[in-house]
Structure formats: C-alpha cells, structure tokens
1. Kindly give Rg over Rh for the chain, based on alpha-carbon atoms, with the Kirkwood expression for the hydrodynamic radius.
2. On full extension of the chain, what length is gained from K111 through N43, given 0.36 nm per residue of separation minus the C-alpha to C-alpha distance?
3. So what does log10 I(q)/I(0) come out to for region 140-190 at q = 0.17, 0.19, 0.22 Å⁻¹, using the Debye formula with one equal point on every Cα and no solvent?
4. At a 1.4 Å probe radius, carbon and sulfur cover how many percent of the accessible area of the chain?
5. Quick one: among H169, H120, H129, which has the greatest mean-square fluctuation in a GNM of the chain with alpha-carbon springs under 10 angstrom?
6. Which order do R35, R74 take when ranked by solvent-accessible area (1.4 Å probe, heavy atoms of all protein chains), largest first?
7. Rounding to the nearest 20 debye, state how big the charge dipole of the chain is about its Cα centre with +1 on each Lys and Arg Cβ and -1 on each Asp and Glu Cβ.
8. Suppose all protein chains stay in the model; what accessible area per residue would a 1.4 Å probe give for the chain, in Å²?
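The values are calculated or read from the model by the stated rules, or taken from the named source; none is laboratory data. On a predicted model such as this, the values are computed, not experimentally measured, just so you know. When we count neighbours, we look across all protein chains shown, and the Cβ atoms used for this are built from the backbone with ideal geometry, even at glycine. Protein only, heavy atoms only, side chains kept; ligands, DNA and RNA dropped before computing areas. Shrake-Rupley method; radii C 1.70, N 1.55, O 1.52, S 1.80 Å.
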Amino acid sequence: MEQIDEIYKRLQTAVEKAVGREMRTPRDFDYLSARIYDVIGENLSAMTLKRFWGYLGEKNMRQLRLSTLNLLARMAGYTDWVTYYKESSAQGDIESDFLRNNSLVTNSLQKGCMVQLMWHPDRVVTIRHDGYEVFTVVESVNSKLSVGDTFRCGLIVEGEALYLSGLIHEGSEPMSYVCGREGGVKFRVL
C-alpha cells in the first residue's frame, strides 16, 4: 500500500496546479488561504497550510483533520478527501516532472484580453480576462460551460487538464471544473 506522505505530496501538487502557484514563501501561503476562502467560502489558516506543506520543518508537520483535507481536495477539483484519496491511489503512476509545454500565466494578460480554449473532442470556449485571474465565458461550443459563466484560473498549460476554480455556472454556488481531463487543452490568445 502506498505511503500517505506520497498522496499528501500529490495533493499539494494538485492544489498548487489548481491555483497556478507553488507554495514557497509565507506570501504564497497567505495567497492560498485567501483563494480557499474566495473559492470555497471557508477559512483555512496560512499556518495550517505551512504545516501541511512542511514549510515550518518536519518536526512541525502534523496530521490534518478530515475537514482540512476535504477543503484541500475541493481546491484540487475533487468533491472531498475520500474521493481524492481513492482516485489518487488508483493513479499511482503520477510523478513530478518539469512542464516544457507552452503555458500562459493569466496575470500577464491585459484586462479584456480574449483567450480561446479547445479540448477533445470538439469543445471550443472563448473567455475574456476580467483581471486578477478572473474570466468570463463569452462563447461556448459543445461545452458544459455557458456564456456568462465566471471563474478563476491562474495558469493554462498546453496539453494539460485545465482546472477552473470558483466557477459560477448559470447562477450556481461556486464550484470547481476541469476541462480536457483526458487529453488536455489547447489555447490561443486572440
């Protein structure tokens, strides 16, 4: 059976990927704490996050509560910790690697800039950057996303799944959404 530490490390990576930022400095943990509140509407302290990431040293690491693991799993696009654990354990071949694919850090976009996203089999979604990693869907072809939906996204990587956080879909409560889970997405700045 796989070590829980490995699954925790994969959860850390999945959360970092979802928010488009690695946790390296105190400011990163403050940012993640704020993003968790923005997306999920629940508080998770930067100190708890630092402990989980081992930022305060291994002797300060501690086992997390189930409620904390649930919040982190939700940030990674899963419904809860149990779902994440089951799916992560089944995908034991996930490894760390450098991304050499074309990527787009969304904070580098000007407000009002349009980006077209495409994924298999025939999904095409055009989004407008509203600033601070927030986007609005302006056109959607063969996708569950609808015109007017809003979401947050910090990083788009060609050929990788795209995780959207804080998605407001047709007036719903904020949720997470994944585009191109199987084959990844392609993007084009218009």
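1. Details: Rg = 16.6 Å, Rh = 17.2 Å.
Computed over Cα atoms, the ratio is 0.96.
2. Working: separation 68, 0.36 × 68 = 24.48 nm, distance 2.86 nm.
So the extension gain works out to 21.6 nm.
3. These q points yield log10 I(q)/I(0) values of -0.53, -0.66, -0.88.
4. 48 percent
5. In the Gaussian network model the winner is H120.
6. Values: R35 5, R74 80 Å².
Largest accessible area first, the residues go R74, R35.
7. Numbers: 23 positive and 25 negative charges, 85 e Å.
So the magnitude is around 400 debye.
8. Working: 10850 Å² over 190 residues.
Each residue of the chain exposes 57 Å² on average to a 1.4 Å probe.
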